[in-house]
Amino acid sequence: MNKFKIGDVVKLKSGGSLMTVRCEDPSNNSKVRCNWDLNGLIKEESFFEDQLKIVDNLEHLKDLLDGIKG
């Protein structure tokens with residue numbers, strides 16, 4: 001887990017939900033485990049580091065406001 005640290009807010013480069021990096025995937029060290037909320041359910045999946053990008057504070061704020069607007 002070189003690109004990310006635990007607690008980083010990330011999203012897929014192709015878009016989608018904001019996710020939180022939980023840990024390095026124990027079965028594949030080129031993947032990280034991420035958690036996100038989907039309609040009140042906590043989801044978890046492993047992603048290759050190259051699939052993800054860090055979400056900066058402005059992008060995070062924009063996603064939050066878009067969610068409020070519906």
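Data for the structure
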{"quantity": "Unique residue being farther than 24 Å from Leu61 by Cβ and in contact with a strand residue (DSSP E or B) (Cβ under 7 Å, 6 or more places away or on another chain) when the list is Lys13, Lys31, Lys43", "calculated": "Lys31"}
{"quantity": "Subset tally (residues that are open to solvent by 70 Å² or more (accessible area, probe 1.4 Å), aliphatic (A, V, I, L, M) and not in a strand (DSSP E or B)) for region 8-66", "calculated": "4"}
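The values are calculated or read from the model by the stated rules, or taken from the named source; none is laboratory data. Computed from a predicted model, the values in this text were never measured in an experiment. Note that each Cβ is placed from the backbone with ideal geometry, even for glycine, and that neighbours are counted across all protein chains shown. Areas reflect the complete protein model, heavy atoms only, side chains present, ligands, DNA and RNA absent. Shrake-Rupley method; radii C 1.70, N 1.55, O 1.52, S 1.80 Å.
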